[in-house]
Structure formats: structure tokens, C-alpha cells
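Everything below concerns the one structure shown next.
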Amino acid sequence: MKDVNEILDKLEELYPDAKCELDYTTPFELLIATILSAQCTDIRVNIVTGKMFKKYNTPYDFNKLSVDEIIKEIKTCGLYKSKAEKIKLTSKIICEEYDGQVPNTFEELVKLPGVGRKTAGVVLSNAFNVPAIAVDTHVFRVANRIGIVHTTTPEKTEFALMNTIPKQRWSHSHHLLIFHGRRICKARKPECGDCHIKSYCDYYKEGNDNLEKK
Ligand code: SF4
């Protein structure tokens with residue numbers, strides 16, 4: 001049985017500044033940035049939102065824009081048509097049903113267009129300090145490689161991690177696993193030789209890193 005706290009302690013030593021890498025100043029800005037981050041890098045999203053939020057940064061602003069006007073703002077983010085439609089609809093619902101305030105429960109958030117479990121978790125944990133483990137591609141990959149969980153889908157990973165990690169560490173462990181996934185435990189070529197947690201890692205112990213080098 002792995003000592004998940006020990007692994008998280010090590011990751012905290014490695015990444016003392018681990019935090020959300022999307023730029024935002026309000027829960028609504030974070031919601032929009034997280035919707036835009038699907039299949040797009042945080043760096044690209046920050047470039048787009050850095051300009052866009054100077055002009056529009058409330059649900060009322062976006063509700064007044066047409067989908068085409070939103071597309072003009074976000075078109076370098078990829079999947080821009082569907083993202084623009086979702087941003088428009090979500091803004092309308094927040095204006096009409098929530099008095100312009102982003103809801104702060106998981107159940108309400110996942111009902112918004114474009115908001116899945118991951119986005120809801122990111123918004124809850126970062127904007128509202130509600131413990132949550134948002135599972136993106138990095139969290140899914142790194143947690144399974146290390147062997148903290150053995151799961152086949154992001155949703156199963158989320159529940160397995162919630163069962164394994166103490167609740168007070170949920171939100172921060174999301175950032176730690178992402179930081180490690182982006183910097184060392186990369187999708188195609190994990191840098192196992194330079195990895196400071198390899199002694200805990202099943203993937204490494206099973207020799208998978210050597211298989212990849214062949
Ligand atoms: S040893 Fe390799 S696979 Fe395991 S966590 Fe480190 S980089 Fe990832």
C-alpha cells in the first residue's frame with residue numbers, strides 16, 4: 001500500500017509554488033478560462049483572456065455578445081465555435097438564474113453548458129476553496145503511473161483519489177500532480193531518470209521507462 005501523504009509531501013517539496021496556472025481575478029473569469037482550456041494550453045488561454053477580460057469579464061458582458069463576437073475573441077483557443085456557444089449560454093443562465101454570480105456547488109456547476117466534472121472541480125477548489133480533485137489528463141496519467149490509483153476513466157480516478165487522499169489535501173494534490181505531469185512525467189516521454197519520486201512509482205519499478213527507450 002502506497003503512502004500517498006509521503007508522495008504528496010515530496011511533490012510539495014519539489015513544487016512549493018504549485019497552483020492554478022490560469023490567470024483570473026473572479027470566479028466567472030476562472031470559469032471562462034477553464035472552459036477555454038479544453039484541448040488548449042494554459043499559456044494560450046492566458047494570452048486570449050488577458051486581452052478579452054479587459055473588455056468583457058462578467059456574465060452580463062458575454063450575454064450581450066453574439067456567438068460570432070465571442071468567436072472573434074477566442075478563435076486561437078481551438079474548438080472555438082462550440083466553446084463560444086457554451087460561453088454564451090452559460091453566461092445567459094448565470095445572469096438569469098443566479099443573479100450574475102457563479103454558483104458554488106458542484107451540482108449547479110455541472111448543469112452549466114461546457115462545465116463538466118473537471119471544470120466544476122477547478123472552479124470550486126480555486127475560486128471557492130471547496131475541497132475538490134479535478135481530474136485532467138495529467139492527473140489521470142500521473143496518478144495511474146505512480147500507482148496511487150488504478151483506474152480507466154477520469155471520473156473513476158476522481159472517486160479513487162478522493163478515497164485515497166485526505167480531504168484537506170484534495171485541492172492542492174490536483175496542482176501537484178499537474179505540475180509533475182507537465183514538467184517531468186510527460187505523456188510521451190516521462191523523464192524517469194530525473195524524477196524525484198521514482199522510488200514510489202509502479203511505472204518505473206515495472207521498467208516501463210526502459211521499454212520506452214528501446
Ligand atoms: S518515475 Fe517516471 S513514470 Fe513515475 S512519476 Fe516519475 S516520471 Fe512519472
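The values are calculated or read from the model by the stated rules, or taken from the named source; none is laboratory data. Because the structure is predicted, anything quoted here is derived from the model rather than measured. Glycine also receives a Cβ, built like all others from the backbone with ideal geometry; neighbour counts cover every protein chain displayed.
Below are the figures for this structure:
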| item | result |
| --- | --- |
| Where A127 falls short, out of the listed (1) touching a residue at least 12 places away in the same chain (Cβ under 8 Å); (2) surrounded by 15 or more Cβ atoms within 10 Å (Cβ to Cβ); (3) more than 24 Å from A18 (Cβ to Cβ) | (3) |
| Qualifying position, being more than 12 Å from the chain's Cα centre (by Cα), at pLDDT 95 or above and assigned by TED's automatic domain parsing to the domain that holds T41, among V142, V110 | V110 |
| Residues of the range 178-204 satisfying the condition of being among the charged types (D, E, K, R) and surrounded by 13 or more Cβ atoms within 10 Å (Cβ to Cβ) | R182, R183, K186, K198, D202 |
| Scope the range 91-121; condition in a helix (DSSP H, G or I) and either closer than 29 Å to M162 by Cα or hydrophobic (A, V, I, L, M, F, W, C) (or both); matching residues | I93, I94, C95, F106, E107, E108, L109, R117, K118, T119, A120, G121 |
